[in-house]
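Visitor: First the structure, which I've put down as structure tokens, then a few questions once you've had a look.
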Amino acid sequence: MSSEQRKIFEEISQLSTEQQNPKSVNIDKMSTEEVLRIINAEDKKVPIAVEHEIPYIAKAVDLVVHALKNGGRLLYFGAGTSGRLGVVDASECPPTFGAPYGLIEGYIAGGREAMFRAQEGAEDYEENGVNDVIAAKVTAKDVVCGIAASRRTPYVIGAITKAKELGAATLYITATPRESFNIENVDVAICPHVGPEVVMGSTRMKSGTAQKLVLNMITTTTFIRMGKTYENMMIDLQQTNKKLVERSKRILMMITGVSYEDATRYLELSQGHVKTALVMILANCDYEEAQSRLSNADGFVRKAIEL
């Protein structure tokens, strides 16, 4: 065994994600329903672990909001399941919140092919993460978020280290205990400790679920803080398919009480922009004034109506 192999072996041996779960030791002898109940029971621990990290998630959101309001971006870097979760979260922000493409981006070790077919060796080299950060043209305005269940993934460490060198704010999402976190160059660490997986080392399970919950919380709260909702409704969604067009009309009807026909007409008058249509209806103004009000209200519909 080489010194490098020994180092990796010892690192993995100590990780909580690589321990054997005593609750599932005998799953290979259990019935289908028994296995499912064990998985379900273990999954129930995930939101509790995430709850403990809310103070740190809040700090992360504040960093992201500041960055997005000042010309920066949120960029995810991960490998395997973690990388895919980052890409998925980033890809869902434009249609959900009307965010410009490129404002939130996800990078995965191994590139686009790794989204559909595992490129496991790509995560083993810090320089791969460094090169992806350089290719992303990271600046001091950006927030770079590393995602790695084990916390030790070289690709992610390389990306975070280079991002910090370039002056970016840095986040790290991992499923290992906070007390074992020893990665430098991280401004905010988010560490939902979910314990050993039902299948040892399979971090696509509880660890992946925890990371998905955290990513949902970061981007959803960020866009709420940026005026992308009215009450609990999405009002800056992009009408990229027929379902979203009809959802836009329904939102206008629910908030303002107008008819289906009027909702359709106001969407046309507002050039398909739900926020503008809302202000036009609720403030009884034309398109140009609604746009001006929204600009002066930093995009918040409630403030725009009150102006």
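Visitor: As a test of understanding, state the convex hull volume per residue of segment 224-273 from its alpha carbons, in Å³.
Guide: 76
Visitor: Relative contact order for the chain: what percent, with Cα pairs under 8 Å and sequence separation of 6 or more?
Guide: Working: 532 pairs, mean separation 57.3, N = 307.
Across the chain, relative contact order equals 19 percent.
Visitor: Kindly work out what percent of the DSSP beta bridges joining two residues of the chain are antiparallel, to the nearest 5. Working shown, then result.
Guide: Numbers: 2 of 20 bridges.
Taking every DSSP beta bridge with both residues in the chain, the antiparallel ones total about 10 percent.
Visitor: A follow-up question, please. Below 8 Å between Cα atoms, with a sequence gap of 6+, how large is the relative contact order for segment 46-225 in percent?
Guide: Worked out over segment 46-225, it gives 27 percent.
Visitor: For segment 147-241, what mean projected area does the convex hull of the alpha carbons give, in nm²? Each step should come with its number before you reach the end.
Guide: Working: hull surface 34.9 nm².
Average of the hull's projected areas for segment 147-241 equals 8.7 nm².
Visitor: For a quick protection proxy, order the peptides 73-79, 49-55, 262-268 by their average other-Cβ count within 10 Å, most packed first. Spell out each step's value before the answer.
Guide: Details: 73-79: 28.4, 49-55: 15.3, 262-268: 17.0.
Those peptides, ordered most packed to least, come out 73-79, 262-268, 49-55.
Visitor: Tell me whether segment 46-225 comes out rounded, prolate or oblate; compute the Cα gyration tensor, take square roots of the eigenvalues as a ≥ b ≥ c, and use a/c under 1.5 as the rounded threshold.
Guide: rounded
Visitor: Can you tell me how segment 262-307 classifies by the Cα gyration tensor, rounded, prolate or oblate, using a/c under 1.5 as the rounded cut?
Guide: prolate
Visitor: If you don't mind, there's one more thing I want to ask. Report the local net charge at residue 160: Lys and Arg +1, Asp and Glu -1, summed over other residues whose C-beta lies under 11 Å from its C-beta.
Guide: -1
Visitor: Next question, about the same structure. Compute the Rg/Rh shape ratio of the chain: radius of gyration over Kirkwood radius, all on alpha-carbon atoms.
Guide: Answer for the chain: 1.05.
Visitor: Taking the alpha-carbon centroid of each part, what is the distance from segment 197-221 to segment 33-52 in angstrom?
Guide: Distance between centres, Cα-based: 12 Å.
The numbers here are math on the coordinates, done by the rules we state, and not lab data. In this text, all values refer to a predicted model and were calculated from it rather than measured experimentally. Cβ coordinates were reconstructed from backbone atoms using ideal geometry, including for glycine residues, and neighbour counts include every protein chain displayed.
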